[in-house]
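Engineer: Here's a structure for you.
The values are calculated or read from the model by the stated rules, or taken from the named source; none is laboratory data. In this text the structure is predicted, and so the values were computed from the model without any measurement. No Cβ is skipped: glycine too gets one built from the backbone with ideal geometry, and neighbour counts run over all protein chains shown. Side chains included, ligands, DNA and RNA excluded: accessible areas come from the protein's heavy atoms. Shrake-Rupley method; radii C 1.70, N 1.55, O 1.52, S 1.80 Å.
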Amino acid sequence: QITGTMRALLDKFSGRGADPTTAPATHALLIGIDRYLDGSGQPDAIYRDLRGCVNDIVEVEKLLKTQVPGIRITRLLSPAADATGELTSDGVPTYENIVAAWQRMIATAQSGDIVYVHYSGHGGRAKTQFPAFKPGGFDESLVPCNVNDRDAGRYLRDVELALLLQRMAERQLVTTVVLDACHSGGATRGDQARARQGDAPDSKPRGSDAQPSAVGTADELAAIRSEGTRL
């Protein structure tokens, strides 16, 4: 399915046999998290380690390199403690590193370039940081690898994702985003399956709540919500 999507995008926007000097570039941000690090909040952590997420990302990378010559890939990985083999990474998938890599890709890509983002890890629901326009009280979020540290760990929240996607659209990037989180792994991973979400919604305050978003200002995040974006 991923191969078909990438081929269709390349065929449509660059054309078979297109001049490689004028064809759009292809970029990928690949994020895989098996290990959810201990932290100051570990005694009541709700995000346990996973199995298979990093392997999925490694296989996706192999596929993309085979099918999309010249693709520019950034890979952020948090392998399991007992992982074997060489797992090189461009960084650890903390909130700060995920946002920075995503923003660099947006800034580097040119109008018409093809962008592929693939996240494999926990998804979660956390007490909202935007109560003025989130009456439900929770944000749907991606869960970086150090989120169990309640002093430093941060979620990548739905409104922030919406703003990143809006910026990609404004730069006229041809974008595909795959979010492999929550319960999607349960049907295929046998006895070692673990739902890719937390054990419960995260309603407790954390020290990092006071930090401003690294994606946009409070006004920008409120504006993206008011435009009707729902994630």
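Engineer: How many residues does the stretch 143-182 hold that are among the hydroxyl-bearing types (S, T, Y) and part of a loop (DSSP other than H, G, I, E, B)?
Structural biologist: 1
Engineer: Select from the stretch 65-89 the residues that are in contact with a helix residue (DSSP H, G or I) (Cβ under 7 Å, 6 or more places away or on another chain) and more than 14 Å from D34 (Cβ to Cβ) and list them in ascending order.
Structural biologist: Q67, V68, I71, I73, T74
Engineer: Hey, which of the strands (runs of 3 or more DSSP E) in the stretch 33-142, taking only ones fully inside, have at least 1 residues that are modelled with pLDDT of 90 or more, open to solvent by 50 Å² or more (accessible area, probe 1.4 Å) and over 23 Å from G216 (Cβ atoms)? Lay out the reasoning, then the answer.
Structural biologist: Details: elements: 72-78, 114-120, 123-127, 138-142.
It comes to 72-78.
Engineer: In the stretch 208-228, what residues are open to solvent by 50 Å² or more (accessible area, probe 1.4 Å) and either in a helix (DSSP H, G or I) or at pLDDT below 50 (or both)?
Structural biologist: D209, A210, A218, D219, E220, R225, S226
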